[in-house]
Every structure is written in structure tokens, then in C-alpha cells.
Amino acid sequence: MNIQQVDYDGLIPNNVALGDDVRVKRALEKWHPGYIDWWNDMGPEGFQESLVYLRTAVSVDPKGWAKFDYVRMPEYRWGVLLAPQLEGRKIPFGMHKGEGAWHEVPGEYRAMLRRLVVIQGDTEPASVEQQRYLGKTAPSLYDMRNLFQVNVEEGRHLWAMVYLLQKYFGTDGREEAEALLQRRSGDPDTPRMLGAFNEKTPDWLSFFMFTYFTDRDGKMQLEALAQSGFDPLSRTCRFMLTEEAHHMFVGETGVTRIIQRTCEAMKEAGISDPNEIEKVRKLGVIDLPTIQKKANMHFSLTLDLFGNEISTNAANAFHAGLKGRYREDRLKDDHQLESGTYPVLRLIDGKIQNEDSPALSALNMRLRDDYVVDCNVGVGRWNKVIAEHGIAFEIKLPHVAFHRHIGEFSRTNADVDGNILFPDEWTNRRIDFLPSAADKDYIESLMQPQMEPGKFASWIAPPKVGIDNKPGEFEYVKIA
Ligand SMILES: [Fe+2]
Ligand SMILES: [Fe+2]
């Protein structure tokens, strides 16, 4: 079978010749009803019967991999799709660098590899759970469709990880695949594995910030795993990244459109001071300082996903050839990091300062640094919109020490500029940095659905172009 072509005949669309792999095919078919139950219970609430204009992956050819059509979400064709195998691919880093890539799990790394797959897999259904009520308050059918697109693709990413578990990890893989359907975001007894995936996504500004910041952590992790010497993981992640790009597009353009609407409304009303919050709010838009606070929150929660700055697990995974650095293939060094150092931001004698650490131990720090650089690109574009309206305000990413719960800075309180605060100072000033109850109430008051084709809620501008080049009036969701 041509890898570019996807077999759509069976229950599970795939390009991994599942038809010839009876054991794995059966295992996935057995897992399927539990997945559909999970989707019906925890997927978008209230819209399972609606027809949604969705893209479905039909190929892994970068030039034309998706088709668009109306689909009821429970009937979406979630498939197992791997990017094409690269002829003669070698392990690109670590102690096995230069050896042929693995097509089976190397026995000595089985547990480590399984854990990497499970942790990635756990984030996928978690975000669907976090976003399940948002359809009801969608600011337009266009946005609703984008939400559901993200949701079905996170569902497919779960399939991607479950395929690896079922195919390569035997009985324990099967158990892990079951457990992925059992955990629930925010559940006190059976939470998802990582903190940011147990937080609420209560409103659409949160959703856009989440897809901008937290899906971007996903991108970084997938980029690092796409370098893996374990070839099936590499190929899976490479294709997931194609879909992930849209999620960050949704986040970046969502925030852009909110900022744009705010600036337009301020200009029309002759308000030039962004800190006239009450006046701005009277216009039915979200004031820029509140957008900043939301960014502070989602950015800081997402930084925690990178784990401890100094990490033996990260060092081991790299050394073993399982998880590389961001775009390892474009880096120019020995790709082994046995010697060499990397500057790590630490809290030393109450001061935040760089300390050179062994490069191998500092891989989480490095990936986080790459992430911050990537985050700043879109923030620059947000600021361009503000500047174009002649408003003196800049969105800034907070200091990495701000509002942290994991790693070096979890044991201190820093403000958004990285100044260390006394505990009572932090308590008093917290609402200067993070959304207050009143901010949350205000945003919630704006979350009135707008479900007429071509119309948008008061607080968000229409997109520049439609999905699949559809015109403005297009009915992206036919609500049933
Ligand atoms: Fe994902
Ligand atoms: Fe995503």
C-alpha cells in the first residue's frame, strides 16, 4: 500500500496496513467502543448531532492531506496516520547516534518509552474534556467550528498514541490505553497527569490563550519526540505536527481578533488610555490589561509543563535516543552532549541568575527557552495590531519565574518582571498580575452565544478569511 494513501474501508482509517496486522486491529477495534463512549460523555456538550464543517486527514502527503465536509462529530473518521518512513533513517542523537533507527521497541528502554507515549497521550483527551462546554457560548459559528476541529484532532492524537501502545507495548500497553480513557481532567480522584491539563477553560479568551500557549507546548514536545530514534514514534509525531499547526493558528488569530475589536471600539469611542478599564468594558469588549493577565496565567501554567529545569529523566531520554531537542536535525553540535554546558536560570542566594549546568541535564530548560522564543513571535503580531491603532500598550510575556508551581521558581514568589516578592506582597499584588474574580465575572458576562451565520459577538472581530476559503456567511455548523 502507498503510505500516502489512507485505507478508509475498515472501522479505523489508517496507513499502517492494519488489515495485515490482525492482533493490533482487534485490539484497536476492542478499544473503539470505549473511545466513542468517552467522546459522547466528555466531548463537546450539546452538539454531537450537529453537522460540522470539518477537515479529515485523508493522506499524509503534505500537499493535500485533508478534505472538508459536514460531519457529525461522533461519526468523525479518527484514523491512525504515520508520516512516510524515511529510507535508511539513523538515530540522530544520544549514545546510539548513527545507528539505524529502531522499528521495534529496544528492550532496555521499554519503560522509559512507554512513559513518554503515555504522558503525551494523556494530554490529548484532557484538552477535549477541558473545552467541552465552550460550544454553548461560541462567539460565532466560525469559532465553534474551529473549536470542534481542534477537539476531533485531539481525539485523533489520542488514537495516534494508543496505536503505539497497542502495537508495541503488549499487555501493559493495552492497560495504559484503557487508563487513558479512565482519567478525567480536573477530577480529584483520577486527574489527568499534568497540572495545566486539570485547569478549567471557562471562557473563549481562555480557549484562545490555551491553544496559543498550551498547544504550543504540545508542538515543542512533538518536535522533540519527532526526533526519536524509535521510528514509529517519530513518524506519528511528524504527522501530528501538521494538525497541531492549526490549533496554534486558532489561538493566535483568536487573540488577535479580540485585540483588534478592543482597539477598534476604543478608537471609535475616543478612548486612548488602555487603563480606563471601566470605560472600555462599557463598550462590550475586553480591555487590554485583562488580556495581559490572561496571557500571564496561561503562559505561566504552561511553563510548568516543561518540568524541572535540571532533569535526570530528560537526560536519560536524550542519552538513550528517545527524545531529542527542538529541531535536533538543524542543530550543529555533536548531538551527544557528553561534555558542554547550558545556562540555566536559577534562584541563588535569593537572586535569579544564570548558572552553567551540564547540557545533558539542562534539556528541559533548553526546550523551555525554545518555547519562549516561539511564543514571542505571535505576541509581536498582537502588539502590531495595538500599535496600528495608536494605543500605547504592549502585551509582554511575564518573567519565567512568575507564578510557577514546578521547578526552580516554585519555591518563591516573583512578579511579572522577575522581582522576588515577600509572601504578603504576593498576596496583595496577585490581582495586578492574574485575573481577579471581577475580571472573570466580566469575561463571563460577555460569553453570550452568537449562532447566526456570518455574525460575531461584540468582543471579537471577524477573521480575515474563512476556513477552506468559505465566504463570511458560510454556515460552519448546522446546529441540530
Ligand atoms: Fe494534540
Ligand atoms: Fe493541539
Query - Cα-Cα pairs of the chain separated by more than 36 Å (percent) - result: 31
**Report entry** Helix-only mean residue ellipticity at 222 nm for the chain, each DSSP H run of n ≥ 4 adding -39500 (n - 2.57), per residue, nearest 500
**Finding:** -15000 deg cm²/dmol
Report summary line: Excluding residues fewer than 8 positions from Lys67 in its own chain, the aspartates and glutamates with Cα under 20 Å of it are Asp7, Asp9, Glu75, Asp143, Glu153, Glu154, Glu243, Glu244, Asp468, Glu475
Report summary line: region 169-203 and region 439-480 have their Cα centres apart by a whole-number Å value of 31
Requested in this report: Take peptides 456-469, 421-434 and line them up by average Cβ neighbours within 10 Å, highest first, as a rough protection proxy.
Outcome: 456-469, 421-434
**Report entry** Principal axis dimensions, largest first and in whole angstrom, of region 339-390 by Cα
**Finding:** 48, 26, 13
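What value does region 266-393 have for Rg/Rh, both radii from Cα atoms and Rh as Kirkwood defines it?
1.15
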Query raised in the report: Taking amide H positions as placed 1.01 Å from N in the peptide plane, with prolines and chain starts having none, which residues 5 or more places from Ala66, or on another chain, fall under 5 Å of its amide H?
Result: Val58
Query raised in the report: Quick one: length gained pulling Asp41 to Leu86 fully straight, 0.36 nm per residue minus the C-alpha distance?
Result: 12.3 nm
Query - Dipole in debye (nearest 20) - region 97-168, about Cα centre, beta carbon charges: Lys, Arg +1; Asp, Glu -1 - result: 80
Query - Subset of Lys219/Lys323; Lys455/Lys478; Lys25/Lys478 violating a 22 Å alpha-carbon distance limit - result: Lys25/Lys478
Report task. Using packing as a proxy for protection, rank 74-83, 33-42 so that the peptide with the highest average count of other Cβ atoms within 10 Å comes first. Result -> 74-83, 33-42
Query raised in the report: Which listed residue (Pro106, Trp38, Ala66) has the Cα farthest towards the positive end of the charge dipole for region 35-189, taking +1 on Lys and Arg C-beta and -1 on Asp and Glu C-beta about the Cα centre?
Result: Ala66
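Which order do the peptides 406-414, 444-452 take when ranked by the mean count of other beta-carbon atoms within 10 Å per residue, highest first?
Packing proxy ranking, top to bottom: 406-414, 444-452.
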Report summary line: Taking a straight Cα-to-Cα line shorter than 27 Å from Lys30, and setting aside same-chain lysines fewer than 8 residues away, one finds Lys167
Report summary line: Kirkwood-based Rg/Rh on the Cα set of region 206-317 evaluates to 1.15
Requested in this report: Excluding residues on the same chain fewer than 8 positions from Lys279, give the lysines whose Cα lies under 22 Å from its Cα.
Outcome: Lys267, Lys293, Lys294, Lys440
Query - From the C-alpha gyration tensor of region 15-107, square roots of 5λ in Å - result: 33, 19, 13
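Note down the Stokes-Einstein diffusion coefficient of region 177-220 in µm²/s, whole number, using a Kirkwood radius over alpha carbon pairs, 20 °C, and 1.002 mPa s.
187
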Report summary line: Non-local residues with an amide H under 5 Å from the amide H of Val80, with H modelled 1.01 Å from N and Pro and chain starts lacking one, are Asn14, Asn15
Query - Length released on extending from Arg330 to Glu178, taking residue separation times 0.36 nm less the Cα-Cα span - result: 51.0 nm
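Here, each number is a calculation from the coordinates, and none is a lab measurement. Source: prediction; values computed, not measured. Here Cβ is always computed from backbone atoms with ideal geometry, including for glycine, and neighbour counts include all displayed protein chains.
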